[in-house]
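In what follows, a structure is listed as structure tokens, so that the remarks can point back to it.
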Amino acid sequence: MAGVVLDAGFPDRDIWPLAFVGIGLILVALIGRRAASALLVGFVGGGSFYLAQIQWASLFLGPLPMSALVVLQALFFALGCVTITLAWRWVPRAWPAGRLLLPAATIAGLWTLREAISSTWPYGGFSWGRVAMSQSDSPIKELFPWVGIAGVSFLMVFLVALIIDALRLSAVDPLRRLSAPVIVATILVAVPGWSLEPVGTLRIAAIQGNGPAGYFDDRSPGDLLAAQLAATLPILDPDLDAVLWPEGSTDRSPLEDIYTAAVFDRISGEADAPLVGWAITERGGLTYNTQILWQAGQGAVDLYDKKRPVPFGEYVPARAFWRPFAPELIDLVQRDYTPGTADPIFDIGGVPVGVNICFDIVEDQVLRDSVLQGAQLIVAASNNADFGRTDQSAQQLAIARVRALELGRTVVNVSTVGLTAVIAPDGRIVEQLPWHTAGSIVSDVDLVETLTPVSLIGQRLEWLLAGLGVGALLAALPWRRPSATAASAAIGAPAHGR
């Protein structure tokens with residue numbers, strides 16, 4: 001139940017207060033439990049959350065890979081819940097003077113640690129479903145440029161744990177106990193947004209071709225390129241600064257196919273602007289998922305290869321080991337994409353533009369690197385066709401909105417089938433195309449140079465908050481505290497009264 005409620009705080013239901021309710025139900029269920037019981041509660045709660053959150057994953061490779069991912073994430077969730085149960089029990093006893101604030105801070109740190117680990121391990125981890133990603137429309141969204149996704153997750157759990165503890169202790173001095181969470185909540189909502197001053201604009205055209213871009217879609221050679229071209233031709237204008245195409249928008253690489261190169265040349269030439277295109281490229285015997293900066297008459301002037309291919313979707317790690325378990329599924333992934341090493345920046349008319357591909361949007365470091373290298377605008381290209389009409393597109397758009405807030409940049413989310421949108425640096429959707437409809441957006445987007453605080457701090461904040469939770473829990477270990485008898489003997493007093 002708690003996991004389903006937590007998921008309802010995310011798109012597509014997008015009832016953001018329910019994320020706090022779901023966190024609360026999980027934390028309450030862990031009070032007073034033994035480790036084994038907490039493990040079971042955490043596994044059920046985490047499993048129900050991820051099953052609801054990523055049911056879209058089953059459309060691509062079926063229920064087995066999705067179930068394996070759900071089980072793995074549920075195990076992480078369960079282990080995190082064990083540490084939280086121990087924190088509920090140990091921390092108040094170790095530090096009675098910090099009875100209200102320290103347990104809540106410890107629990108929030110442990111939650112942050114679990115999200116950090118599951119987002120990076122194994123095989124690069126799975127960053128989807130961090131609780132902060134549910135808050136793109138909530139009053140606390142102004143916190144993102146200050147503390148980022150990890151910091152907002154920490155503060156959400158801290159506030160909920162604080163409320164729970166205050167209610168448990170409210171029988172003694174209720175006014176003082178209950179005032180603490182009210183004060184904290186007021187401070188979180190009252191945090192001002194990060195001030196941003198645009199340094200100019202760039203006129204872009206984002207094209208949603210709505211071609212048959214799904215892995216199992218029925219299509220003939222050339223259908224993807226034809227659909228993308230048809231949606232692009234009506235808006236070609238010499239006043240454009242760039243034309244943006246999504247991942248999955250071509251059938252063949254313009255680096256190898258003459259006709260595709262001619263189409264790229266035509267679009268760039270008629271627009272009198274570069275095309276940010278896409279293709280699967282083969283170079284040096286390796287396969288890449290590649291964005292291509294194409295200039296008419298010059299061809300490909302820059303390339304960006306996706307840095308974090310999706311394991312078991314875009315490549316199979318340790319293929320020889322995993323294949324015997326499910327050979328038919330493993331063999332569906334016929335090519336193994338190689339992680340890219342190029343910088344995530346395209347120079348478009350003298351403007352550094354950050355580029356990334358699909359699930360790059362959930363990787364903290366990839367987008368932060370582009371901003372630190374000078375990106376004044378972020379282009380997020382994706383192919384959502386494999387996920388049908390599920391929540392995945394809406395979830396990804398919400399994450400793109402969080403990234404716009406966090407990094408203080410306009411984000412252009414351009415997709416094959418949707419949701420293509422222009423997102424302002426304050427997280428507002430400026431313009432959006434309908435789902436599964438061919439169309440285009442032409443927009444003058446703001447360019448920003450200012451770095452947000454969390455862009456400068458980076459993942460150091462995440463590990464600091466996680467370290468706070470681990471440190472407080474370890475310091476509260478029962479074996480670190482002398483027994484009542486030993487303590488009495490140490491000060492020369494009897495262990496029991498007479």
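Some values worked out for this structure:
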{"item": "Any chance A116 is farther than 23 Å from E314 by Cα and either part of a helix (DSSP H, G or I) or in contact with a Pro (Cβ under 8 Å, 6 or more places away or on another chain) (or both)", "result": "no"}
{"item": "Test set (1) more than 30 Å from G98 (Cα to Cα); (2) modelled with pLDDT of 95 or more; (3) in the same structural domain as E115 (by TED's automatic domain parsing) - P145 fails condition number", "result": "(1)"}
{"item": "Wholly enclosed helices (runs of 4 or more DSSP H) of segment 240-334 bearing at least 2 residues surrounded by fewer than 16 Cβ atoms within 10 Å (Cβ to Cβ) and modelled with pLDDT of 95 or more", "result": "258-271"}
{"item": "All strands (runs of 3 or more DSSP E) inside segment 401-473 with 2 or more residues being crowded, with 24+ Cβ neighbours inside 10 Å and of a type outside the set (K, R)", "result": "411-415, 421-423"}
{"item": "Of all residues making up segment 1-15, the number that are free of Cβ contacts under 8 Å to residues at least 40 places away in the same chain and crowded, with 23+ Cβ neighbours inside 10 Å", "result": "0"}
{"item": "Answer from R130, R203 - the residue that is under 30 Å from P309 (Cβ atoms) and of a type in the set (K, R)", "result": "R130"}
{"item": "Selection from segment 369-379 of residues that are within 20 Å of T341 (Cβ to Cβ) and either among the β-branched types (V, I, T) or surrounded by 24 or more Cβ atoms within 10 Å (Cβ to Cβ) (or both)", "result": "S370, V371, A375, I378, V379"}
{"item": "Complete set of residues in segment 371-400 that are assigned to a helix (DSSP H, G or I) and either farther than 29 Å from L224 by Cα or more than 16 Å from the chain's Cα centre (by Cα) (or both)", "result": "V371, L372, A385, D386, F387"}
{"item": "In segment 39-84, the residues that are under 30 Å from L474 (Cβ atoms), polar (S, T, N, Q) and in contact with a Ser or Thr (Cβ under 8 Å, 6 or more places away or on another chain)", "result": "Q73"}
{"item": "Residue match in segment 198-217 (condition: assigned to a helix (DSSP H, G or I), among the hydrophobic types (A, V, I, L, M, F, W, C), crowded, with 21+ Cβ neighbours inside 10 Å and in contact with an Asp or Glu (Cβ under 8 Å, 6 or more places away or on another chain))", "result": "no"}
{"item": "Complete set of residues in segment 227-239 that are modelled with pLDDT of 95 or more and either farther than 12 Å from I207 by Cβ or crowded, with 18+ Cβ neighbours inside 10 Å (or both)", "result": "A227, Q228, L229, A231, T232"}
{"item": "Answer from W128, W111, W90 - the residue that is in contact (Cβ under 8 Å) with a residue 60 or more places away in the chain, outside any helix (DSSP H, G or I) and of a type in the set (A, V, I, L, M, F, W, C)", "result": "W128"}
{"item": "Enumeration of residues in segment 336-369 that are of a type in the set (A, V, I, L, M, F, W, C) and part of a strand (DSSP E or B)", "result": "I345, F346, I348, V351, V353, V355, I357"}
{"item": "Yes/no for G349 being out of contact with any Phe, Trp or Tyr (no Cβ under 9 Å at 6 or more places or on another chain) and either in contact (Cβ under 8 Å) with a residue 24 or more places away in the chain or assigned by TED's automatic domain parsing to the domain that holds V430 (or both)", "result": "yes"}
{"item": "Among (1) touching a residue at least 12 places away in the same chain (Cβ under 8 Å); (2) closer than 17 Å to L79 by Cβ, the one test that A36 misses", "result": "(1)"}
{"item": "Of all residues making up segment 215-233, the number that are in contact with a strand residue (DSSP E or B) (Cβ under 7 Å, 6 or more places away or on another chain) and of a type outside the set (S, T, Y)", "result": "2"}
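The values are calculated or read from the model by the stated rules, or taken from the named source; none is laboratory data. Remember, predicted model here, so these are calculated numbers, not experimental data. As a convention, Cβ positions derive from the backbone with ideal geometry for all residues, glycine included, and neighbour counts pool all protein chains shown.
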